[in-house]
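Some notes on the structure that comes next.
Read the figures in this text as sums done on the coordinates, not as results from a lab. Here the structure is a predicted model, which is why all the values come from computation and not from measurement. Here the Cβ positions follow ideal geometry from the backbone for every residue, glycine too, while neighbour counts run over all protein chains shown.
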Amino acid sequence: SHDIKTPLTSIINYVDLLEKEELHNEKAEEYLDVLERQSSKLKKLIEDLVEASKASTGNLEVGNELLEAGVFLTQTVGEFEEKLSLSGLQLIVKKPEEAVYISADGRHLWRVVDNLMSNICKYAQPSSRVYVNLEKEYDIVTITFRNISKYELNINGDELMERFIRGDSSRNTEGHGLGLSIAKSLMDLMGGGMEITVDGDLFKVRLNFKLQESAEELLRQRDEQQEGNK
C-alpha cells in the first residue's frame with residue numbers, strides 16, 4: 001500500500017500547489033479541477049481497498065467490549081440526521097426501553113453503521129422514511145436498517161456484499177462497491193453477522209449479535225464464582 005500511496009500523495013500535493021498559482025488560463029483551471037476531484041476519489045478508493053483487504057484477511061486489531069447497543073445506535077445514527085433531512089429523508093429509530101448489551105469493537109461497529117447510513121444518504125428514495133430498529137429475541141440482538149431505493153435493484157443481497165459490486169448497475173453514483181464488503185468483514189471479525197435482503201425496491205440490512213449480560217451482572221457472576229472457589 002505504501003508503494004501505491006506515495007506517488008498518489010505526490011500528485012495530490014502538486015495539484016494543491018498548482019491551485020495556489022494564478023494560472024490565468026480557464027482551460028487549465030478546468031483540468032486542475034478534474035485532477036483534484038479524480039485524485040481525491042482515487043485516494044478514497046485505495047484507502048477503502050486496503051481496509052477491505054485487512055478486514056477480509058483478519059489483519060485488523062479487534063478489541064471487543066461491552067456496549068449498550070441502544071445508546072451506541074442513537075448516538076451514531078443521530079450524526080446523520082442533518083444529512084438525511086437535506087434529502088428529505090425521515091429517520092425513525094425504534095429500540096427497547098431497557099438496556100441491551102452486545103460485545104463489539106466500538107471503532108469497527110461505528111465504521112459499519114457509518115457505511116450503511118452513508119449508503120442510505122446516497123441511494124434512498126428522496127422524501128421517504130428510513131427505519132432503524134434495535135430488537136432483542138431470546139439471546140440474539142438485531143439492528144435492522146430499512147429504506148426504499150431510488151434505483152432499481154436487480155441483484156440479491158449476497159452479491160451486494162462482494163467487492164466492487166454495486167446495486168446501481170448504471171454506475172451513475174460515486175460509490176465503488178467496497179463499503180458493504182468492508183462492513184460484512186468487520187462484522188465477521190467482531191463475531192457478529194450481517195445479512196442483506198432486497199425485496200423489489202426495499203433494501204434491508206440486519207446486523208446480528210449475541211446478547212450479553214450487563215456489566216453489573218457479569219461482575220456479580222464473577223464474584224459468585226470467586227466466592228465458590230474459596
- Over 28 Å (Cα to Cα) - which of LYS184/LYS210; LYS54/LYS95; LYS27/LYS83 fall in this group: LYS54/LYS95; LYS27/LYS83
- Message: Explain nothing, just compute: Karplus ³J(HN,Hα) = 6.51 cos²θ - 1.76 cosθ + 1.60, θ = phi - 60°, for every residue of segment 111-124 in order, whole Hz, x for Gly and Pro.
- Response: 5, 4, 5, 4, 4, 5, 5, 5, 4, 4, 4, 7, 10, 6
- Message: Per-residue counts of other Cβ atoms within 10 Å, averaged by peptide: what ranking do you get for 199-209, 140-150, highest first?
- Response: 140-150, 199-209
- Count the net charge of all other residues whose Cβ sits under 15 Å from the Cβ of ALA69, scoring Lys and Arg as +1 and Asp and Glu as -1. -4
